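First comes the structure, then the notes that go with it.
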Amino acid sequence: MSSGRYEMVVGLEVHVQLKTRTKAFCGCSTDFGAPPNLNTCPVCLALPGALPVLNEHAVELAIRAALGLGCRIDPVSVFARKNYFYPDLPKGYQISQFDQPLAVGGSVVIGQSDKGTDLRIGITRLHLEEDAGKSIHDRYPGETAIDLNRAGVPLIEIVSEPDIRASAAAGAYLRTLKQILQYLDVSDVSMEEGSLRVDANISVRPPGQTKLGTKTEVKNMNSFSAVEKALEAEYTRQCALLDSGGKVEQQTLLWDGAKETVRPSRTKEGSHDYRYFPEPDLRPLMLDTKWVDHARKGLPELPAARKTRVATEYGLPAVEVEQLTADPALAGYFEEVARAAGDGKAAYNWVMGEVQATLRAAGEQIAHFRVRPADLAQLITIVRDGTISHTAAKRVFALMVETGKPAAQVAADEGLVQVGDESAIATWVDEVLGEHPEEAARYLAGEKKLQGVLVGFVMKKSKGRADPKRVNQLLSSRGG
Amino acid sequence: MSLDNYAQLGAAQIAAGVRAGETSPADIVRASFKRADEIGAGPDALNIFLHADEKASVAEAEQMQPRIRKTADIGVLAGVPVTIKDNIASLGLPTTCGSKILGGYVSPFEATAVARLRANGAIIVAKTNMDEFAMGSSTENSAFGPTRNPLDVRCVPGGSSGGSAAAVAAGITPIALGSETGGSVRQPAAFCGVVGVKPTYGRVSRYGLVAFASSLDQIGVLGRTVDDAALALESISGFDKMDSTSSDADVPIYRLAALGKPAPEARNPDTEAIRIGRSPVPLPPPPGPTTLEGVVIGRPREYFPESLDPEIGRVCERALDRFRSMGATVRDISLPRSPLAIPVYYILAPAEASSNLARFDGVRYGLRVDPGKGLKAMYEATRSEGFGPEVTRRILLGTYVLSAGYYDAYYKKAQAVRTLIADDFRAVFASGVHAIFTPTTPTTAFPIGAISDPYEMYLNDIFTVTANLAGVPAISVPIGRVRRLPVGGQIITAHFDEYAMFRVAYALEAGLGAEAHQ
Amino acid sequence: MAVTREDVLHIAELARLGIDATRADELTKELSAILSHMEVLSQVDTAAVSATTIVGAGGTPLRPDVGVPGVSSAAIASIASAMRDGFFIVPRLATHEDSSENGA
Ligand SMILES: [Mg+2]
Ligand SMILES: [Zn+2]
């Protein structure tokens, strides 16, 4: 990394697509993957004479997100037009919010300092706006193809304070933000599908200097790690500039993931004059306090709170809690299993082990996982009370995934219930000793280390049903 | 009812005749087109029509016939032919806003106001000529040539709803839809000697009205008489869930205002419903001589300046005398900030227009001119060839006042002064004035080509633009002639008090009688 | 404030209006003349005045999050300037990576 003589100062603008059935200002579907321009109407095609009408659910989700991020909701916010020409912006302006946003002044805790105090990133504002359509540049030579299915889909823009001092902190902020929004269930927050997008403002300054340096805006990053890499690259570039006596010029840069470099975009800054003014087709958004209070009461338990509770309630170490609570659905599944089985540790082992492995192999979501928490809890219980062996348990689980039947039934059907009864075990032992005369002779002659081998043969013969403890006892008695 | 005097028939008479089975909608539509031919509505003469399809209109009229037989209640406008300004979206006929950039464009959806006219039994016969995107006061700014004034073909009909005003003045249809941003219905109504109404902002849905300046735009109606206008307006008014700025305030039966009584108790009509067949069609009796007893009419000195054409002043005073003789009190009032209205308007309207007209970019519909030098060249070629000089001028003006460094000095300042202008009206109506009376325009219709300076043209709106800025309703009614050209008198009332506006207008019309056109 | 030729060229660029040199000169004069009539507003004291952005009181109405049928592809095709495979087709922007600067 470049000379530590400079401090990195970063603020992030995050756009998040809200989970609504229809668009922000018209009744068109927000579904992905429809044929081009099928989810359009006079409003989102910007046909002459069409007018916007605001989607109530989009407002609800924006309020929930703002409250979840600790923002203050303004009872009166105003929509504004952001004017610029682009072929996937049908009206020639984007309906957004400008000087009177929906919410301001939140924050996100991205970890603890070594002194144990919270590391907080401030959130300047959160506002509602509409998305643009898609421009496809590589489909036809010399031409651009426009699909307006996404045009008008509701977004929230979350603007952070310039509180971020390192690329890793930027990554931590984004991961925390994504997790909170997942818990709030306001968005799919998938960078791959474009339901979460990040732009970064970055400047550098000598440590101790309070005045901010000239910032550049970095765009076009398609993953959190790309954001971290882009920030490092731009930090290095700016430091080098200053070291060589040059100065940073305000501009927009594009991250080139392939070359792992930033390059200036060719639009002149001067041409960015958005001529914001209040949207005359919409009255102000007025939120009655009852609505906001109701939304506040309806907020789910957020990641931080859940981590603390899970740690104490199930007595698990921090690392394991982190893994379990990464995704709210996974955490929910774990908690159901742990409660029903009364065993957090075992629940953790199964969920993070077999369950995750199976899901990964099948590329499935936990929400649709065939083995319901109650069934997994039953499996844990019958292992604990010795009804089946640990070895058998894995097979039972595999069959539960396959058949969807409860653990006990699978164990019974497959005859995997452990056999503790002396005579049965004695028979197996006799047979084994008969089939392996050489080992038998040496063992009975006192070669005790062969006991393990013989137990193995017995377990194999019993298809894992024999209780290993009993087998050992019996062999010892014979050998003794 | 005979159609020999079709050009003199009122909308209510026609609807009554249709309901009584004395005539058929199809015959009425044919009569309308016959009149259009006689008077020369085509491009080679008055140039009133931009789009018309007689066969289609007659066919539509014939489809109404069975409905008439089945029920006596097929709408207050049963079989009434109407013309529609070309910036209001209609199915079937194109919607071009008098612009090359929308040449041949047919809207896949219909404006709420047009749908409500149809649901009330009206039949659309034509889309009318207008100043391009409603930017103008003479209809000379149409990409398809100017419309001529039926009362004097050397003169303009006013604008921007010049085609609709001319259609009514020429007796082609008893009512027409126009649109207002700064006087575009009232001024041509005055120039053509017909009645023109600009309702309260939010009274009529803007859904389907191609936006010029959204915070000022409002669909208005033109009629040969006050009664035609009242019938037309009540059939298109009311809340529309497709227009977030439309109001859910009750819509009284405006024609009852003809009885000279105060507004009836507000009922609770389903504001979503199109009020088919509401209001009794038989004509209300004309108001008697004393029907303005207790009514206070304000005469704002700012609207009667020294510079006002003395002949127009004289005609206005005659109208004020009629008010007095009908028992009204005429009170001198002041609207001190009104003289600032033109500067305010010509900042705010172009600002909104510069944004509203950005959608005409050649990407999805309308004209596209592609020099083959990339996207930006396509935008610039399309828009510079598609828009006429006045539209270009206003887009640039609006872009300028919104651009970095000028926003506060122009746009923000104008918005604040707009508040002051509206406050003046609130104060006057709060002081017990029921209606304000002014001349509609400072001059009568002027010869085609007479005004070339843009700002001089803007001054045509000097008495009308304040009602748009304040959002209050206003009507222009014929009050006489000067040098054989019509003069309009304007009646302005408080927000959503169209009923009082019509009451005073009905009375003035009756009080002036034949003098209104002398 | 008088409008300069540079102003006119700048706003014409913002408004995507192609205007040639002569038109630019004319428009500089026309716009300056019109704006000179606006100067009167600067004398009005509006310190204590709230701006009127929209007429009428109350908040914007909200619609339920339920779908309504849009425009048929046939209707779109009938008005489209240029379409292929259901896409609107436009000439390529000189620097197409600028697409990442648009939108939200
Ligand atoms: Mg944004
Ligand atoms: Zn839509």
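The values are calculated or read from the model by the stated rules, or taken from the named source; none is laboratory data. Keep in mind that what you see is a predicted model, and the values were worked out from it rather than measured. Every residue, glycine as well, gets a Cβ built from its backbone with ideal geometry; the counts of neighbours run over all protein chains shown. Heavy atoms of the whole protein, side chains included, go into the accessibility calculation; ligands, DNA and RNA do not. Shrake-Rupley method; radii C 1.70, N 1.55, O 1.52, S 1.80 Å.
Largest first, what is the accessible-area ranking of A:His15, A:His294, A:His436, C:His37 with a 1.4 Å probe?
Working: A:His15 10, A:His294 135, A:His436 45, C:His37 80 Å².
Descending accessible area places them as A:His294, C:His37, A:His436, A:His15.
Based on the Cβ-Cβ distance from A:Glu422 to A:Asn349, what FRET efficiency comes out when R0 is 45 Å, to the nearest 0.05? Kindly include the intermediate steps, with their values, before the conclusion.
Values: r = 32 Å, r/R0 = 0.72.
After rounding to 0.05, the efficiency reads 0.90.
Just to be sure I understand: if I project the alpha-carbon convex hull of chain A onto a plane and average over all orientations, what area do I get in nm²?
Details: hull surface 132.1 nm².
It is 33.0 nm².
Using the Cα centre as the reference, give the magnitude of the dipole from point charges on the C-beta atoms of chain A (Lys, Arg: +1; Asp, Glu: -1; all else neutral), rounded to the nearest 20 debye.
Numbers: 57 positive and 62 negative charges, 117 e Å.
Charge dipole of chain A: 560 debye, to the nearest 20.
Placing one identical point scatterer on every Cα of chain B and ignoring solvent, what is log10 I(q)/I(0) from the Debye formula at q = 0.07, 0.12 Å⁻¹?
-0.34, -1.05
Lysines near A:Lys394 by alpha-carbon distance under 25 Å, same-chain residues fewer than 8 away left out - which ones?
Reachable lysines: A:Lys345, A:Lys405, A:Lys460, A:Lys461, A:Lys463, A:Lys469.
At what distance in angstrom do the alpha carbon centres of segment B:199-226 and segment A:1-68 lie from each other?
32
How far is helix A:167-184 tilted off the main Cα axis of chain A, in degrees rounded to 10, range 0 to 90?
Approximately 80 degrees, to the nearest 10.
Which distance in Å, rounded to a whole number, links the C-alpha centroids of segment A:81-127 and segment A:386-451?
62
Mean residue ellipticity at 222 nm from the helices of chain B, using -39,500 (n - 2.57) per DSSP H segment of n ≥ 4 over the full residue count, to the nearest 500 deg cm²/dmol?
Values: 15 runs with 177 residues, N = 518.
Theoretical 222 nm ellipticity from helices: -10500 deg cm²/dmol.
Calculate the FRET efficiency for A:Ala329 and A:Ser476 from the Cβ-Cβ distance with a Förster distance of 45 Å, rounded to the nearest 0.05. Could the numbers behind the result be given before it?
Working: r = 49 Å, r/R0 = 1.09.
Approximately 0.40, to the nearest 0.05.
Explain nothing, just compute: Karplus ³J(HN,Hα) = 6.51 cos²θ - 1.76 cosθ + 1.60, θ = phi - 60°, for every residue of segment A:277-288 in order, whole Hz, x for Gly and Pro.
Here the 3J(HN,Hα) series is 8, x, 5, x, 8, 10, 5, x, 7, 10, 9, 7 Hz.
Have a look at B:Ser99, B:Gly21, B:Ala7 and report the one farthest towards the positive end of the charge dipole of segment B:1-114, computed about the Cα centre with Cβ charges (Lys/Arg +1, Asp/Glu -1).
Of B:Ser99, B:Gly21, B:Ala7, it is B:Gly21.
Taking Rh as the Kirkwood radius computed over C-alpha pairs, what is the Stokes-Einstein D of segment B:61-180 at 25 °C in a medium of viscosity 0.890 mPa s, expressed in µm² per second? Please list the in-between numbers first.
Details: Rh = 14.8 Å.
Result for D is 166 µm²/s.
What is the log10 of I(q)/I(0) for segment A:357-426, computed with the Debye formula using one identical point scatterer on each Cα and no solvent, at q = 0.27, 0.28 Å⁻¹?
For segment A:357-426 at q = 0.27, 0.28 Å⁻¹, log10 I(q)/I(0) is -1.21, -1.27.
What are the principal axis extents of the Cα atoms in segment B:141-268, in Å, biggest first?
Extents along the principal axes: 48, 34, 20 Å.
Rank these residues by their accessible area, most exposed first, probe 1.4 Å: C:His10, B:His51.
Values: C:His10 75, B:His51 30 Å².
So, going from the largest accessible area down, we get C:His10, B:His51.
How much accessible area is lost when chains C and B come together, counting both sides, with a 1.4 Å probe, in Å² rounded to the nearest 100?
Working: alone 9630 and 18580 Å², together 23680 Å².
Chain pair C/B: roughly 4500 Å² of buried accessible area.
For segment A:405-480, what mean projected area does the convex hull of the alpha carbons give, in nm²? Display every interim value, and only then the final one.
Working: hull surface 19.9 nm².
With the hull built on Cα positions only, its mean projection is 5.0 nm².
When the accessible area of each residue in segment B:410-429 is compared between its chain alone and the complete protein assembly (1.4 Å probe; ligands, DNA and RNA ignored), which residues differ by at least 10 Å², being lower in the assembly?
Buried by the other chains: B:Tyr410, B:Tyr411, B:Lys413, B:Gln415, B:Ala416, B:Val417, B:Arg418, B:Thr419, B:Leu420.
List the accessible area buried at the contact between C and A, summed over both sides and calculated with a 1.4 Å probe, in Å² to the nearest 100. If you can, show how the numbers build up before the last one.
On the way: alone 9630 and 23950 Å², together 28830 Å².
By this definition, chains C and A bury close to 4700 Å².
Got a number for carbon plus sulfur as a percent of the protein assembly as shown's accessible area, 1.4 Å probe?
Values: 22280 of 40570 Å².
Heavy-atom surface of the protein assembly as shown belonging to carbon and sulfur, 1.4 Å probe: 55 percent.
Suppose we flag trypsin sites (Lys or Arg not before Pro) only when DSSP calls them loop and at most 10 other Cβ atoms lie within 10 Å. Which is the longest uninterrupted stretch of chain A?
Details: sites that count: A:Lys115, A:Lys211, A:Lys247, A:Lys259, A:Lys268.
Counting at most 10 other Cβ atoms within 10 Å as exposed, the longest clean stretch of chain A is A:269-480.
Once amide H atoms are built 1.01 Å from N in the peptide plane, which residues 5 or more positions from B:Ser90, or in another chain, come under 5 Å H to H?
B:Ser107, B:Ala111
Ignoring ligands and nucleic acids, what accessible area does A:Ser423 show with a 1.4 Å probe (Å², nearest 10)?
70
With the other protein chains left in place, how much accessible area per residue, in square angstrom, belongs to segment B:431-518 at a 1.4 angstrom probe? If you can, show how the numbers build up before the last one.
Details: 2410 Å² over 88 residues.
Solvent-accessible surface per residue comes out at 27 Å².
Please work out whether segment A:310-385 counts as rounded, prolate or oblate from its C-alpha gyration tensor, where a ≥ b ≥ c are the square roots of the eigenvalues and a/c under 1.5 means rounded, while otherwise a/b larger than b/c means prolate and anything else oblate? Let's see the in-between values first.
Values: a/c = 1.74, a/b = 1.10, b/c = 1.59.
It comes out oblate by the Cα gyration axes.
Report for chain B the percent antiparallel among DSSP-assigned beta bridges with both residues inside it, nearest 5. Walk me through the numbers before you get to the answer.
Numbers: 31 of 46 bridges.
Here the antiparallel bridges make up roughly 65 percent for chain B.
Rg/Rh for segment A:262-341 to two decimals, with Rh computed the Kirkwood way over all alpha-carbon pairs.
Numbers: Rg = 23.2 Å, Rh = 17.8 Å.
Looking at segment A:262-341, the ratio lands at 1.31.
Efficiency by 1/(1 + (r/R0)^6): what FRET value for A:Leu119 and B:Lys373, r their Cβ-Cβ distance, R0 = 51 Å, to the nearest 0.05?
On the way: r = 52 Å, r/R0 = 1.02.
With R0 = 51 Å, the Cβ-Cβ based efficiency is 0.45.
Please give, to one decimal in nm, the separation of the simple spin-label points placed at A:Ala441 and A:Ala34, each 7 Å out from Cα toward the Cβ.
With each label point 7 Å from Cα toward Cβ, the separation is 8.3 nm.
What order do B:Met501, A:Met459 take when sorted by accessible area (1.4 Å probe), most exposed first?
Numbers: B:Met501 0, A:Met459 35 Å².
Descending accessible area places them as A:Met459, B:Met501.
Cross-link partners among lysines for B:Lys261, C-alpha distance below 19 Å, same-chain residues fewer than 8 apart left out?
none
How much accessible area per residue does chain A have, counting only protein heavy atoms and a probe of 1.4 Å, in square angstrom? All intermediate terms of the calculation are to be shown ahead of the outcome.
On the way: 20490 Å² over 480 residues.
Accessible surface, normalised per residue, equals 43 Å².
Any chance you could check segment C:1-23 for residues losing 40 Å² or more of accessible area when the partner protein chains are in, compared with the chain on its own (1.4 Å probe)?
The answer is C:Met1, C:Ile11, C:Glu13, C:Leu14, C:Ala15, C:Arg16, C:Leu17, C:Gly18 - residues whose exposure falls by at least 40 Å² when every protein chain is included.
Can you list the lysines whose alpha carbon is less than 19 Å from that of A:Lys134, not counting same-chain residues fewer than 8 positions off?
A:Lys19, A:Lys23, A:Lys82, A:Lys91, A:Lys219, B:Lys376
How much accessible surface area, in Å² rounded to 10, belongs to the heavy atoms of A:Trp291 with a 1.4 Å probe?
50
Debye sum, Cα scatterers, segment B:120-186, no solvent: what log₁₀ I/I(0) at q = 0.12, 0.16, 0.24 1/Å?
Computed log10 I(q)/I(0) values: -0.26, -0.46, -0.98.
Amide H of B:Ala126: which non-local residues (sequence gap of 5 or more, or other chain) have their own amide H closer than 5 Å, using H built in the peptide plane?
Under 5 Å from the amide H of B:Ala126: B:Ile84.
Quick check: Cα centre of segment B:351-390 to Cα centre of segment A:458-476, how many Å?
So the separation of the two Cα centres works out to 86 Å.
A:Asp138 to A:His390: extension gain in nm, 0.36 nm per residue of separation minus the Cα-Cα distance?
Once the chain is fully extended between A:Asp138 and A:His390, it gains 85.2 nm.
I need the trypsin sites (Lys or Arg not before Pro) found in segment B:364-409, filtered to DSSP loop residues with at most 14 other beta carbons within 10 Å of theirs.
On the way: sites: B:Arg364, B:Arg368, B:Lys373, B:Lys376, B:Arg383, B:Arg393, B:Arg394; in loops: B:Arg364, B:Arg368, B:Lys373.
Sparse-neighbourhood loop trypsin sites (Lys or Arg not before Pro): B:Lys373.
Residues of segment B:227-257 losing 30 Å² or more of accessible area relative to the isolated chain, 1.4 Å probe, heavy atoms only?
Those are B:Met242, B:Ser244, B:Thr245, which lose 30 Å² or more relative to the chain on its own.
Of the trypsin sites (Lys or Arg not before Pro) in segment B:431-518, which ones lie in a loop per DSSP and count no more than 11 other C-beta atoms within 10 Å?
Numbers: sites: B:Arg481, B:Arg483, B:Arg484, B:Arg503; in loops: B:Arg483, B:Arg484.
When the trypsin sites (Lys or Arg not before Pro) of segment B:431-518 are filtered for loop state and at most 11 Cβ neighbours within 10 Å, B:Arg483, B:Arg484 remain.
Excluding A:Glu435 itself, calculate the net charge of residues whose Cβ lies under 14 Å from the Cβ of A:Glu435, where each Lys or Arg counts +1 and each Asp or Glu counts -1.
Summing Lys/Arg as +1 and Asp/Glu as -1 gives -2.
What's the whole-number percent of alpha carbon pairs in the protein assembly as shown lying beyond 47 angstrom? Don't skip to the answer; put the middle values down first.
Details: 258321 of 606651 pairs.
Everything past 47 Å amounts to 43 percent.
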